[in-house]
Structures are given as structure tokens and as C-alpha cells.
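Let me begin by presenting the structure, written as C-alpha cells, before commenting on it.
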Amino acid sequence: MIDTDPGIDDALAILLALASPEVDLRLVTTTHGNVELAQTTDNALRVLHLAGRSDVPVAAGAAESLVYPQPERAGHVHGQTGLGGAQLAPSPAAVDPRPAVVALAELLLASEEPVTVAAIGPWTNVALLLATYPQAAARIDRLVLMGGSASRGGNVTAAAEFNVWADPEAAARVLGSAVPTVLVGLDVTVPTVLGEDGIARFAAAGPVGATAAAILQQYVDHARSSYGTTGVVVHDALALTEAIVPGTLGTVRRDVVVDTTRGAGRGQTLVDRRAVSDSPTAVDVAETVDSAAAVEFLVSRLAGLAAR
Ligand code: BDR
Ligand code: CA
């Protein structure tokens, strides 16, 4: 299951899952985040349709954060539609009528297989699942979260990474749970840069790859104008890689708390790196990555999907 706010890198992450034979994608749930919920939901439907997978149900979740409204969206990074300037065909599929948490809970309770949940937007839906369906949440085999930062500071504020900043109270609830959790934060995503040569490879492989490259163009332009860099950091795709191939990232069990105060540190993940933790609520924090291998994995999988 993927909980998401597409989102340019979310779109890449969904395509990566669909490109991967290890994955049986059963459900996509959507959240507020990069753009408004109605738009992230429509984007999720369009990305699935692009890959010929309109059969995957999409259920809409939280339109807003748990306590305080998300301060602003991220249209300046992801484009006003959330998918850069790319034009994706509308999906013939309708949104699943169930609220996201109900769809998540029903699937978790019904599944005979271990279920991995990848949450790559703000974690509001996951927090709501924990609060409303704890017995379903307890059946999550692995929760792979994109968000936070142990040592690099933030990307929205000096302290906070976007997905945590967008709903710190939800993040505190999720990271305080005993669900087996891997935290894929800026420490490993920022060094993992997808270069324009890699984008060109899957763009040339077929129409799905060409559309993926078109979605990424806004990210490429934003990186160049804001940071003077030529490649892009596709945070959510790296989290999906860890969900697909556990152990891709080097993790260490740490105690993590979230700053939910309303000061300059709001949304910071405070990772206690002094020691390995044996607490039941400790989190497997991703601390090391083979970035070249991760980028090659993404590019080759997307090229394979595009060539189908
Ligand atoms: C996260 O923030 C969002 O803008 C991206 O989609 C990703 O999930 C990175 O900080
Ligand atoms: Ca995202």
C-alpha cells in the first residue's frame, strides 16, 4: 500500500512500484501535502492510468493536518497541478468511496500476506489509522516512511523536512508507535541524485518513461534555479526502493521524537544518535545509502516499465 501526495517524486515512486515484480500494489491512499487533497487524488489516479493500472483502488484521506493547518503547499516545487507541467490523461476509474483509513484498515485486516505500507506524504492518514483502527495498524508488517532528517537539518525550514513539517502532531503519533518502522529521511535522500543522463535513459525507453521525464522537468528546473544543481532528488522513490528491497539502506535503531512546539524547531525529528535503542517504539533510521546503486535501480526499473 502506498499513502501519497503526488507530487513529482511521489509519481516516480508509484511508477517504480508498478515497475517492480516484487510488488503487488493493492491500494493507494492520498493525503494533503504537496498540493490540495482533490488534486493529489486525481494525480494518483492519472499516474496509475498512465502505467495501465487503473485497477488499483485509490481512496482519498485527510484533507488537512491533525491540529494546525499545513502552513502552505509546495506548488512552487511540484507545479500548480503537483505533476510539474506534464499533461497526463484523466483516468477512467473513480475514486474508491471509502475514506482512506477505512480502506487501509479493511485491507490490513483481510490480508493473509504481510503488508508493507509506504507513506510518502505527510503522515496524517497513518496517524488516523493508528488512532481509529489500532488492531489493523498492528498488522502492518513494515511501515516505510519518507520524512525527517537526523543530521542534515530541514528542507522547508532550517529544522524541518516537508512531510513532518506538514503535520508534526501526526508524525509524533506515528514515530511514537510500536509498528515496525523504517525512516527514510534527508540523510539518505539528498545525496541520492538522479542525473539528467538517467532521466534521458527512461525517457527514451517508451511513452511511460517520456511522461515520467516530463513530470520531472519542473523538479529539474527548480533544482537548477534554486540550488544551481543539475540532477534531482527523488526522495519518495528512494523510500519505495527500501520498501521493495528491504536492506537497500543501512539502518540503525534509534529513539526519535518530533518537535511539536510552535517555535523555530517545529517539525524537527530529534534522532538520538548517541546509542542504538532497544525500545519497542524505536525506529530503524536510514543512515547510509549506496546512491549510485539506488539511482541505477530506479532508472533501470523505469526504463523496463516504459518499454513494456
Ligand atoms: C518530501 O516532501 C515532498 O515535497 C516530497 O514529495 C517528499 O515526499 C521531501 O521532503
Ligand atoms: Ca511526497
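The values are calculated or read from the model by the stated rules, or taken from the named source; none is laboratory data. These numbers were taken from a predicted model, which means no experiment stands behind them. So basically every Cβ, Gly included, is an ideal-geometry build from the backbone, and we count neighbours across all protein chains shown.
Below is a table of values for the structure above.
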read-out	value
Meets criteria (over 26 Å from Arg308 (Cβ atoms) and part of a helix (DSSP H, G or I)) for Val174	yes
Pairs, first in contact (Cβ under 8 Å) with a residue 24 or more places away in the chain in region 21-39, second among the basic types (Lys, Arg) and surrounded by fewer than 21 Cβ atoms within 10 Å (Cβ to Cβ), C-beta under 6 Å, six or more apart	Val35/Arg73
Cβ pairs under 7 Å, 6+ apart, first in region 46-57 and in a helix (DSSP H, G or I), second polar (S, T, N, Q)	Arg46/Ser91; Leu48/Ser54; Leu48/Ser91; His49/Ser91; Leu50/Thr211
Number of positions in region 1-41 that are more than 13 Å from ligand 2 (Cβ to nearest atom), more than 20 Å from Gln80 (Cα to Cα) and either among the aromatic types (Phe, Trp, Tyr) or in contact with a strand residue (DSSP E or B) (Cβ under 8 Å, 6 or more places away or on another chain) (or both)	5
In region 92-127, the residues that are within 16 Å of ligand 2 (Cβ to nearest atom) and either of a type in the set (Asp, Glu) or part of a loop (DSSP other than H, G, I, E, B) (or both)	Ile120, Gly121, Pro122, Trp123
Set Ala178, Ala166, Ala171, Ala160: member being more than 16 Å from ligand 2 (Cβ to nearest atom) and either buried (at least 23 other Cβ atoms within 10 Å of the Cβ) or of a type in the set (A, V, I, L, M) (or both)	Ala178
Candidate set from region 197-256 (those that are basic (Lys, Arg) and out of contact with any Lys or Arg (no Cβ under 7 Å at 6 or more places or on another chain)); member that is nearest to ligand 1 (Cβ to nearest atom)	Arg224
Any hit, region 287-295, residues being modelled with pLDDT of 95 or more, farther than 26 Å from Gly79 by Cβ and of a type in the set (Asp, Glu)	yes
Those residues of region 232-273 which are assigned to a helix (DSSP H, G or I), within 15 Å of ligand 2 (Cβ to nearest atom) and β-branched (Val, Ile, Thr), in sequence order	Thr241
Region 1-17, residues that are more than 7 Å from ligand 1 (Cβ to nearest atom), closer than 10 Å to Asn43 by Cα and in a loop (DSSP other than H, G, I, E, B)	Pro6
Leading residue by the ranking (farthest from Gly185 (Cα to Cα)) among those in region 114-152 that are within 12 Å of ligand 1 (Cβ to nearest atom) and out of contact with any strand residue (DSSP E or B) (no Cβ under 8 Å at 6 or more places or on another chain)	Pro122
